[in-house]
Amino acid sequence: MNPPNRRLPLTAFAGLVILLLLLRMANFVRHAGTGKDARPQQSMRLSSADSVQDWGDRFSDGTPDFLRLTDPADQAAFRRWFTLIADYQAIRPRAEVPAEISDCASLLRYAYREALKRHNEVWFQTSGIEVVALPGEIRAWHYPDTPLGANLFRVRPGSFEAANVSDGSFAQFADAKTLVELNATFISRDALKALPGDLLFYRQFGQSSPWHSMIVTEAGPQARVVYHTGPDHGSPGELRSVLLSELLDHPQPQWRPVAQNPNFLGVYRWNILRGNQ
């Protein structure tokens with residue numbers, strides 16, 4: 001009997017290795033020639049289930065889910081920053097109030113946008129705002145680092161679609177009517193149910209600027225609101241911070257935040273605070 005040829009298995013193994021190397025080189029050349037990366041595209045924004053869901057609008061209120069603050073800690077941080085920033089405008093010298101705050105809607109826009117920014121040393125220097133204790137940071141996102149960029153407010157009706165990012169459905173400016181109708185959600189006509197950061201809206205029929213808004217800065221027995229009176233007969237108006245009880249007993253019934261007042265639209269809440277509601 002002839003002895004077995006021990007070199008045959010070694011030769012076969014070497015041939016397999018060479019074949020695998022040739023296949024790998026061919027694959028590399030093919031992708032290099034087309035400019036494509038042979039690795040799986042796992043970093044694309046829409047490749048994960050979470051990212052796909054972010055582009056939805058679970059409440060069909062026009063607000064994209066990627067803006068919603070679903071974490072209760074983020075919601076609380078937003079409320080604290082929003083009310084702090086609004087309140088601060090009412091106590092600072094008039095000359096130091098940002099020039100853009102000229103009516104009730106501009107106060108909402110300013111406090112909303114600034115609350116969503118990253119509050120670092122540069123922010124404090126720019127805003128001129130002083131705080132006794134930091135309210136904590138929002139972790140989900142910071143303005144303007146979203147697909148919407150600086151266009152924070154919904155200005156066209158309809159549910160959110162991806163095309164809305166660039167079709168003019170969002171803008172940096174929105175008046176009081178647009179803020180209440182497209183960027184906030186009705187909560188109640190009982191003002192005592194408002195939480196800090198919620199909004200009171202009015203429609204004063206017969207006025208040149210009928211839509212008015214106030215920010216609830218405190219709740220409970222010492223509930224308080226802050227608002228801008230808006231221009232009036234040549235006067236630029238002023239910022240005011242008053243107890244809710246004063247409004248409930250306002251000498252002009254049309255300003256009382258009660259269900260019996262047809263001018264009072266009710267308590268509203270920013271859409272981004274609907275979260276996982």
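Identify all residues within the stretch 255-277 that are of a type in the set (S, T, N, Q) and modelled with pLDDT of 95 or more; write none if there are none.
Q260, N261, N263, N271
crowded, with 20+ Cβ neighbours inside 10 Å, farther than 18 Å from T83 by Cα and not aliphatic (A, V, I, L, M), is that true of W211?
Criteria met by W211.
Test V97 against the stated conditions and say whether it is closer than 22 Å to Q75 by Cα and over 20 Å from the mean Cα position of the chain (by Cα).
Judged against the criteria, V97 is not a match.
Being among the hydroxyl-bearing types (S, T, Y) and surrounded by fewer than 22 Cβ atoms within 10 Å (Cβ to Cβ) is the filter; apply it to the stretch 218-246 and report the residue that is nearest to A194 (Cα to Cα).
S245
Return a yes/no flag: does the stretch 92-106 have any residue that is out of contact with any Phe, Trp or Tyr (no Cβ under 7 Å at 6 or more places or on another chain), hydroxyl-bearing (S, T, Y), under 21 Å from D175 (Cα atoms) and not in a helix (DSSP H, G or I).
Looking through the stretch 92-106, at least one residue is out of contact with any Phe, Trp or Tyr (no Cβ under 7 Å at 6 or more places or on another chain), hydroxyl-bearing (S, T, Y), under 21 Å from D175 (Cα atoms) and not in a helix (DSSP H, G or I).
Run V180 past the list (1) without any contact (Cβ under 8 Å) to a residue 60 or more places away in the chain; (2) part of a helix (DSSP H, G or I) and report the number of the one that doesn't hold.
Exception for V180: condition (1).
Looking only at the stretch 113-162, count every residue that is charged (D, E, K, R) and assigned to a helix (DSSP H, G or I) and tell me the total.
3
For the stretch 163-177, give me each residue that is assigned to a loop (DSSP other than H, G, I, E, B), closer than 15 Å to P64 by Cα and either under 11 Å from the mean Cα position of the chain (by Cα) or touching a residue at least 12 places away in the same chain (Cβ under 8 Å) (or both).
Selection gives G168, S169.
Taking L200 as the residue in question, decide whether it is in a strand (DSSP E or B) and under 30 Å from D249 (Cα atoms).
yes
Assuming F173 fulfils every condition listed in (1) closer than 30 Å to G149 by Cα; (2) surrounded by 15 or more Cβ atoms within 10 Å (Cβ to Cβ); (3) out of contact with any Gly (no Cβ under 6 Å at 6 or more places or on another chain) apart from one, which condition is it?
(2)
So which residues in the stretch 236-254 are over 27 Å from A99 (Cβ atoms) and touching a residue at least 12 places away in the same chain (Cβ under 8 Å), if there are any at all?
Listed by number, the residues that qualify are L243, L244, S245, L247, L248, Q254.
Taking the criterion of being small (G, A, S) and buried (at least 19 other Cβ atoms within 10 Å of the Cβ), would at least one residue in the stretch 193-207 satisfy it?
Yes: one or more hits.
Need the failing condition index for A223 against (1) in contact with a strand residue (DSSP E or B) (Cβ under 6 Å, 6 or more places away or on another chain); (2) within 17 Å of V242 (Cβ to Cβ), just the number.
Condition (1) is where A223 drops out.
Can you give me the number of residues within the stretch 249-275 that are of a type in the set (A, V, I, L, M, F, W, C), assigned to a helix (DSSP H, G or I) and closer than 19 Å to R154 by Cβ?
Of the residues in the stretch 249-275, 2 are of a type in the set (A, V, I, L, M, F, W, C), assigned to a helix (DSSP H, G or I) and closer than 19 Å to R154 by Cβ.
Can you find, within the stretch 116-128, the residue that is nearest to the chain's Cα centre (by Cα) among those that are crowded, with 18+ Cβ neighbours inside 10 Å and closer than 13 Å to P144 by Cβ?
L116
Answer with yes or no whether E100 is of a type outside the set (K, R), within 17 Å of T178 (Cβ to Cβ) and without any contact (Cβ under 8 Å) to a residue 12 or more places away in the chain.
Answer is yes for this residue.
The values are calculated or read from the model by the stated rules, or taken from the named source; none is laboratory data. Predicted model, so just to flag it, every value in this text is computed and none were measured. When we count neighbours, we look across all protein chains shown, and the Cβ atoms used for this are built from the backbone with ideal geometry, even at glycine.
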